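To start, the structure under review is shown below, and the notes come after it.
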Amino acid sequence: MKGGMQGMLKQVQKMQAEMEKVQKELANKTVTEESGGGMVKATANGQKELISIQIENEIINSGDKEMLEDLVVAAVNKALESAGKMAEQDLSNVTKGMIPPGLNIPGF
C-alpha cells in the first residue's frame with residue numbers, strides 16, 4: 001500500500017505542475033466575441049480577464065448610449081464565457097482520468 005500512496009502522490013504532483021503550466025499558457029490564449037453584427041468586439045484571455053474592447057465609430061456616433069452599453073455588455077459576456085470554456089477544456093485535458101466523473105471541484 002505504501003508504494004501505491006507514493007505513486008499516487010507523484011501523480012498528483014505531476015498533475016499540479018501540468019495545471020500550473022496550462023494556467024500560465026491560458027494567460028496568453030485569447031478569444032474574441034462580438035455583438036451587434038461586429039459593431040462591438042471584446043477579447044478575453046484564458047484567465048477570464050478582459051484584454052480589449054473595439055467599438056466601431058458608427059455605433060459611437062449614433063448617439064444611442066443605451067444600445068452601445070448593451071452591446072458592450074453582450075460582447076464582454078460572450079468573450080468571458082468563451083474564455084471560461086477554453087480554460088475548462090485545457091484544464092480538463094490535464095486532469096483527464098485523475099478526477100472521478102461527477103466530482104465537482106471548482107475550476108475544473
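When GLY38 is tested against (1) at positive phi; (2) in a strand (DSSP E or B), just one condition goes unmet, and that condition is (2). The listed residues are VAL94, VAL40, VAL76, and the only one of them that is modelled with pLDDT under 85 and touching an Asp or Glu at 6+ places or on another chain (Cβ under 9 Å) turns out to be VAL94.
Annotation: of all residues in the range 4-35 being among the charged types (D, E, K, R) and outside any strand (DSSP E or B), the one that is farthest from VAL72 (Cα to Cα) is LYS10.
Considering only residues in the range 1-45 that are loosely packed, with under 11 Cβ neighbours inside 10 Å and among the charged types (D, E, K, R), the one that is farthest from LEU68 (Cα to Cα) turns out to be LYS2. Cβ-Cβ contacts under 7 Å between residues 6 or more apart (or on different chains), taken from a first residue in the range 22-43 that is farther than 14 Å from MET86 by Cβ to a second residue that is assigned to a loop (DSSP other than H, G, I, E, B), are listed as MET39/GLU56.
Hey, does the range 50-61 have a residue that's crowded, with 17+ Cβ neighbours inside 10 Å and under 18 Å from the mean Cα position of the chain (by Cα)? Checked the range 50-61: no residue is crowded, with 17+ Cβ neighbours inside 10 Å and under 18 Å from the mean Cα position of the chain (by Cα).
The values are calculated or read from the model by the stated rules, or taken from the named source; none is laboratory data. No experiment lies behind these values; they were computed from the predicted model shown. As a convention, Cβ positions derive from the backbone with ideal geometry for all residues, glycine included, and neighbour counts pool all protein chains shown.
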